[in-house]
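Input: a single structure, listed below in structure tokens.
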Amino acid sequence: MNSFWRIFSLELTAAVRSKSLLLLLIASVAWMVAAPFLFVGDGTVEGSRALAVHYSLGGVAALLAVSLLASATGSIAGERSAKRLQLTLVRPVHYIVVALAKMAALVSLGALVLAAATAVEACRSDLSRPCRHVLSPILPTPREEAVMAYEAFMSNPDTPAAAKRAKKQVVLRLLAQRALDRYETIGTNSVAKWNFKVEEASAQADGLAVRLRFTNAYDIRQDVRGELLLRIGGSLWSGSVSNITQAVVEVPLVRIREGTVCCGTAELTFRNIGGSAVMLRPRRDVNLLSPADGFGWNLIRAYVELVAMLSILVAFGVFLGAGLGRPVALFTAIVALIVSEMSPSVIEQYPDELETDRLDAIGLYITRAAAEATHPISSLVPLEKLSEDACIERREVLRTATANMVFAPLILALLAALAMPRKVEV
Amino acid sequence: MNEEIVISLKGVRKTFRDFWLRPTVNAVDGLDLSVRRGEVFGLLGPNGSGKSTTIKMILGLLDPTAGEVLMFGRSPRSLSARARLGYLPELSYMHPFLTARETLMYYAGLCGLSRNEGAKRTAELLAMVKLEDVANRAVGGFSKGMARRVALASALVGRPELLVLDEPTSGLDPVSTKEVKMLVKALAANGMTILMTSHLLADAEDVCDRVMILNHGKAVAEGRVAELGGSLEDFFLAKVGSADEFVLADFLS
Ligand SMILES: Nc1ncnc2c1ncn2[C@@H]1O[C@H](COP(=O)(O)OP(=O)(O)OP(=O)(O)O)[C@@H](O)[C@H]1O
Ligand SMILES: [Mg+2]
């Protein structure tokens, strides 16, 4: 433990005395102050505010991601090329402690700079501005839905034999993608029903609303009219929809019957009373909105998630530096960062249908594996939610924090410890 | 395991390889060596003969290609072996932004000393290497000789039983060289086991009990300094077979 703190404070001292901490702080705060003037939104107050939140904190997070990754790859590899690492390795210190202390120091630096940036955001924001839980309907996961569809497809005698011979993994992936974008059609005078899991506290409060976006088969604007009914236990809420397709609408719900609020499940029905059928994707186009705590708490949770993202980057960088030379480690880290940002969109743009060419198929396979592996980094950025005042859920924060700040760094530190003494600059 | 044998190498070989894993050089080639407790052992040899490579294998900083390396009867990478070790590398590598005092405090911490113990030990060592006046200056600005003293002090910070010195006197002026030699003798007199390499045969002759001469990674001679008869230099030249720069080095010092 003693050694941990010594190495930890050595890293911090280095950052302070080399002025790199100061530089990062100045750059980050300056960016936070300047960003709202640089990004002018669509003219609405909410629009510009969302944009400012997104780009100011997003810019600092990006700056920190790149600079911490660079320092992390150098924290062991740089020591090694300065030939100082051997002086630590011959001391009675567990190698994993060396790796963990370096990771912790860099994450703390990042957390400090990010805290300064977050404080700037807090100073200019209304911290009590309410946020909302954004709930999606309870549905099988796209994967589960795909499995069910696959079984139906295989047992259907009308399915052509050639189609049945297609590779199962490929078909399942295709079907899962379809499930995500699956449309549900609601004819005139018919009713669609979705269930949500709600916390009792937020159901008790006033201010429930439903967010909807309808479309139709012809891709043209069309009126949508309907009635919403929400039931939680013995309580009932209602609202009426009057909108056009393609536009997002938020319908406030009014309580029409007081009763027990139990069971934690909310049942939402929509009756189409318009002249023609409408469609929506239940996994994307319908949300139940319920009041949550204020922007201040949301900002704190976003902060924790961003620190978690930085942690995994740092851990990855330190790990690479333990096994590789510094330039190679830095190059690998940056390539990985770019791949993690790009691979999801590559996958989206090149669906499985293009897998006919063998070379394309191999490339796609690698990209998919990379996307899978770097998912925790690329999917983490919570700024989207923060800027839309959507509540970043506490258990989500807890999960990413334990995964990215505890488990992943421990595993990477262990691997770093195995590599560290086996590669010493002589 | 015999506690009397502090370092033992059996049939140790180290082959460096290039990127394609083709062997480039046999830096150490079938070396047997044992250093007993309380001994001052000198590893001598011309440039590139494999002295530093041998030391790095003893410290667990390099894996031998073949053979067995033991320190205190254990793997050199075991914590208990490392806890009893002090090491001075060939060149004094420092954290340039730390002061001399902070440097020693840092290594004291890594050796498991508490803050108080570390501060006491640091003060002792600063006095011993005569750096008290500059203790609070960043070592990045130190001269070669000053840096060497800091490095030597940090090797001693954990009160090691075994001290490994790679060219302890390189970069030191004659007065400091003499002081370091006296220090080594004093430490040995207190029962510390010391393994050192040197270019300067006169130095080795003064402080070592036993020497081994390496050439091209092989031991060409080994013996007690007291039993050599003539001067170590004559012995060395006879074994290595060329004057090289040893005469020059001796001449310059
Ligand atoms: N990391 C390395 N990669 C490749 N070859 C190396 C490496 N380290 C040492 N060598 C080679 O191994 C041989 C022995 O080197 P070593 O540093 O052990 O010699 P030395 O006896 O300490 O020399 P000097 O007296 O100059 O310090 C040399 O030929 C050297 O070029
Ligand atoms: Mg050497």
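Read-outs throughout are calculated quantities, based only on the coordinates presented, and are distinct from any laboratory measurement. Computed from a predicted structure; not experimentally measured. So basically every Cβ, Gly included, is an ideal-geometry build from the backbone, and we count neighbours across all protein chains shown.
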Review point. Which ³J(HN,Hα) values in Hz, rounded to whole numbers, follow from the phi angles of segment B:176-191 under the Karplus curve 6.51 cos²θ - 1.76 cosθ + 1.60, where θ = phi - 60° and Gly and Pro get x?
Key: 5, 4, 5, 4, 5, 4, 5, 4, 4, 4, 5, 5, 5, 5, 7, x
Point to revise | Beta bridge orientation in the protein assembly as shown: antiparallel %, DSSP, nearest 5 | key: 80
**Study point:** Between segment A:283-308 and segment A:126-190, the Cα center-to-center distance that results, in Å
**Key:** 26
Check your understanding: What is the P(r) of segment B:157-202, as percent of Cα-Cα pairs per 5 Å bin from 0?
Key -> 5, 20, 30, 26, 14, 4
Review point. When you look at the Cβ of every residue in A:11-21, what mean number of other chain Cβ atoms sits within 10 Å?
Key: 2
Point to revise | Calculated FRET efficiency for the pair residue B:97/residue A:338, C-beta based, R₀ 35 Å, to 0.05 | key: 0.60
Review point. By average Cβ neighbour count within 10 Å, what is the ranking of A:208-219, A:295-306 from highest down?
Key: A:295-306, A:208-219
Check your understanding: Check residue B:43: other-chain or 5+ apart residues with amide H under 5 Å from its amide H, H built from backbone geometry?
Key -> B:196, B:197, B:198, B:212
Study note, to complete from the structure: With R₀ set to 45 angstrom, the calculated FRET efficiency between the beta-carbons of residue A:16 and residue A:199, to the nearest 0.05, is 0.55
Study note, to complete from the structure: To the nearest 10 degrees, the tilt of helix A:168-180 (Cα long axis) against the first principal axis of the alpha carbons of chain A is 60
Point to revise | Degrees separating the helix A:142-155 axis from the principal Cα axis of chain A, which is the longest one | key: 60
Point to revise | Listed pairs A:102/B:14; B:14/B:181; A:102/B:51; B:130/B:178; B:178/B:218; B:14/B:56 exceeding 22 Å between Cα atoms | key: A:102/B:14; B:14/B:181; A:102/B:51; B:178/B:218
**Study point:** Unit Cα scatterers, Debye sum, the protein assembly as shown: log10 I(q)/I(0) for q = 0.08 Å⁻¹
**Key:** -0.78
Point to revise | Stretch gain in nm, segment residue A:83-residue A:225, where the contour uses 0.36 nm per residue and the Cα spacing is subtracted | key: 43.8 nm
Review point. If R0 is 22 Å, what FRET efficiency do you get for residue A:388 and residue A:62 from their C-beta distance, rounded to 0.05?
Key: 0.65
Check your understanding: Other chains' Cβ within 10 Å of A:1-8 residues: what's the mean?
Key -> 4
Exercise for review: Count, for each residue of A:88-100, the Cβ atoms from other chains sitting within 10 Å of its Cβ, then give me the mean as a whole number.
Suggested key: 5
Check your understanding: If each of residue A:39 and residue A:362 carries a label point 7 Å out from its Cα toward its Cβ, how far apart are those two points in nm?
Key -> 4.0
Point to revise | Mean-position separation - Cα centroids, segment B:162-213 and segment A:213-281, in angstrom | key: 88
Practice item. Along Cα→Cβ, 7 Å out, is where each label goes; now give me the distance between the ones at residue A:182 and residue A:281 in nm to one decimal. Key: 1.4
Study note, to complete from the structure: If the label point sits 7 Å along Cα→Cβ of residue A:297, residues of segment A:101-131 with amide N under 18 Å come out as A:122, A:126-131
Check your understanding: Going by alpha carbons, how many degrees (0 to 90, nearest 10) lie between the helix axis of A:408-419 and the longest principal axis of chain A?
Key -> 30
Point to revise | residue A:156 versus residue B:80: modelled label distance in nm, points set 7 Å from Cα along the beta carbon direction | key: 7.0
**Study point:** Dimensionless Rg/Rh of chain B - Kirkwood Rh, Rg from C-alpha atoms
**Key:** 0.96
Review point. Of the listed peptides A:155-164, B:49-58, what is their order by residue-averaged count of other C-beta atoms within 10 Å, with the highest listed first?
Key: B:49-58, A:155-164
Study note, to complete from the structure: Over all directions, segment A:183-280 yields a Cα convex hull whose mean projected area in nm² is 5.8
